[in-house]
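The values are calculated or read from the model by the stated rules, or taken from the named source; none is laboratory data. Note that the structure is a prediction, hence the values are computed from the model and not measured. Glycine also receives a Cβ, built like all others from the backbone with ideal geometry; neighbour counts cover every protein chain displayed. Heavy atoms of the whole protein, side chains included, go into the accessibility calculation; ligands, DNA and RNA do not. Shrake-Rupley method; radii C 1.70, N 1.55, O 1.52, S 1.80 Å.
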Amino acid sequence: MEQYLIYNSLNYPILTVLVAVPLFGSLITLFIRGDRYLKIWGLMVTLITAVLSLPLYSNFDLTTAKYQFAEFRDWIPFVNIDYVLGVDGISVLLVLLTTLVMPLCILCSWTYIKDRFKEFICVLLLMEASMVGVFVSLNFVLFFIFWEAMLVPMYLIIAVWGGPRKDYASIKFFLYTLIGSIFLFVAIIVMYVTTGTFFIPDLMAHHYSFSYQAWIFWAFTLAFAIKVPMWPLHTWLPAAHVEAPTAGSVVLASILLKMGGYGFLRFCLPMAPAATMYFMPYLIAISLISIIFGSYLALGQSDVKRLIAYSSVGHMGFVTLGIFLLNDAGIKGAILQMVNHGITTGALFILVGIIYERTHSREISDNSALGMMMPIYVTFLVIFSLSSLAFPGTNSFVGEFLVLLASFSKYKVVGGLAVIGAILAAAYMLRLVQKMVWADSDGHMHHGGTSHLFDLNFRETGTLAFLTIFVFWIGLNPEPFLKVMDTSTAHLLEQLEAGIQVLP
């Protein structure tokens, strides 16, 4: 086990703390009265968690592919279930994305959530603990526990605080993800019966026959493709996004969808390398369909939130395309694009929530000609829209460029088809900006005129300004982020190369 781990040298168990702080914070929430104090408590817990996570970046060793800040404790030793945590260059950025986004979820819910605020803060903090746990777990059973633990809080966020069709959206979300989890659970049990271990690095190092790899590959793929989501398993996503409150949409877009991409990188590629190589053309084809189909559907939407939801299908298609190109630029681009999508799409959903609080409509025609009335709002809208369409100088441009570079260097036809998605992204985002900022419409008259259209307050401006920093930081200086994943990506490709010997 020591050959895989670098044990935590900090003066506190940082990974356990990142799971425990929001977990205990959610329990204490039950004893707090008054929405004002609940808001402050929720913000304080998420901010403390975010600050405590920063040493993961400042103390991360860029020269090794081992799992760092590792913690190990016996848990259920007679079946080899241990409490093992650690992060590498693939997971550390996703942990930081999680901890830094969660305070923003509290802030964007400050006035949006009108009732049962105690329960809302409680499930949001439970959600954070579960999501961090997924990214840091190195025991497959522990991973699965956290994976399933996310399901109930997210279901409640949609079902309790969602829109008019919240029952339909929440049940569809629950059933889709539960079906994927069943296949994941069966694959975990089969691998334990075969190897006698749940320790993820040991399972990566084990050699399996091609037929065995093919079986576990598709079991994993179904679970992770639903979570991404990939076409044709994407239909739960627009309903969940549209009906969820703003914080729920931000959590879904910024973090939950990334768990599918993380699963492909952590499990499919290293544990079933020959099957991954064999089935690569099919996954590339599905990724291209996701890119073009999701972008095409986004182009035809009149509801802003639904437009952004469908755009996520297209953007995450670039992530899976980069992963299954199986080269350095593609995988790095995919990891960076997961972070970029979390920043940009999370911000766009916050912007939708802000305008919905004012007009009580998400229709583009009801939220037009905002340029003169809400100049700060439209400034942020333009910035994040340009990021979403991968405008040069923004964060998404770097990730999308790496994926397209990987595509053209390996299969020129794939690169050409992926470009169609980029063109469609420019079309639907520029259309959205044009209509919301400049288009002349009487849509506001349906809501009592324009007196309600006051510009952003300090809380809303600060939330969006924080995300704007990362749009330009990654866009203009991506090297620090790429260096974090460099060694782990190289090691993953070595595992892939070494494991394709059993190809039929």
Next item on the list: Check Ile200 against each of (1) in contact (Cβ under 8 Å) with a residue 24 or more places away in the chain; (2) open to solvent by 50 Å² or more (accessible area, probe 1.4 Å); (3) not aromatic (Phe, Trp, Tyr) and name the one condition it does not meet.
Entry: (2)
Item checked: Flag if Phe135 is among the aromatic types (Phe, Trp, Tyr) and buried (at least 24 other Cβ atoms within 10 Å of the Cβ) -> yes
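Given the residues Leu283, Leu233, which is the only one that is more than 18 Å from Thr345 (Cβ to Cβ) and modelled with pLDDT of 90 or more? Walk me through it before giving the result.
On the way: Leu233 fails: modelled with pLDDT of 90 or more.
On inspection, the qualifying residue turns out to be Leu283.
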Next item on the list: Give the residues of segment 229-244 that are within 20 Å of Trp147 (Cα to Cα) and surrounded by fewer than 23 Cβ atoms within 10 Å (Cβ to Cβ), sorted by residue number.
Entry: Leu233, Trp236
Item checked: Some residue of segment 211-226 being in a helix (DSSP H, G or I), in contact with an Asp or Glu (Cβ under 6 Å, 6 or more places away or on another chain) and buried (at least 24 other Cβ atoms within 10 Å of the Cβ) -> no
Notebook entry, point to check: When you go through (1) open to solvent by 10 Å² or more (accessible area, probe 1.4 Å); (2) in contact (Cβ under 8 Å) with a residue 60 or more places away in the chain; (3) within 22 Å of the chain's Cα centre (by Cα) one by one for Ile157, which number turns out not to apply?
Noted result: (1)
Note to self: Against the definition (open to solvent by 10 Å² or more (accessible area, probe 1.4 Å) and in a helix (DSSP H, G or I)), how does Ile171 come out, yes or no?
What the structure shows: yes
Check: Which is among the hydrophobic types (A, V, I, L, M, F, W, C), at pLDDT below 90 and farther than 15 Å from His234 by Cβ, of Leu269, Leu265, Leu299?
Finding: Leu299
Next item on the list: With the condition kept exactly as written, say whether any residue in segment 395-411 is open to solvent by 50 Å² or more (accessible area, probe 1.4 Å), over 20 Å from Asp455 (Cβ atoms) and of a type in the set (Ser, Thr, Tyr).
Entry: yes
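Would you pick out the residues in segment 74-87 that are open to solvent by 10 Å² or more (accessible area, probe 1.4 Å) and either within 17 Å of the chain's Cα centre (by Cα) or under 24 Å from Ala50 (Cβ atoms) (or both)?
Selection gives Tyr83 alone.
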Check: Regarding Gly448, is this residue open to solvent by 10 Å² or more (accessible area, probe 1.4 Å), of a type outside the set (Val, Ile, Thr), modelled with pLDDT of 90 or more and farther than 17 Å from Ile354 by Cα?
Finding: no
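Only one of Leu424, Leu402, Leu453, Leu482 is touching a helix residue (DSSP H, G or I) at 6+ places or on another chain (Cβ under 9 Å), among the aliphatic types (A, V, I, L, M), modelled with pLDDT of 90 or more and within 30 Å of Gly371 (Cα to Cα); which?
Leu424
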Check: Just one of the numbered conditions (1) at pLDDT below 90; (2) open to solvent by 60 Å² or more (accessible area, probe 1.4 Å) is not true of Ile182; which one?
Finding: (1)
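Can you name every residue in segment 262-278 that is of a type outside the set (A, V, I, L, M, F, W, C) and farther than 10 Å from Phe217 by Cβ?
Tyr262, Gly263, Arg266, Pro270
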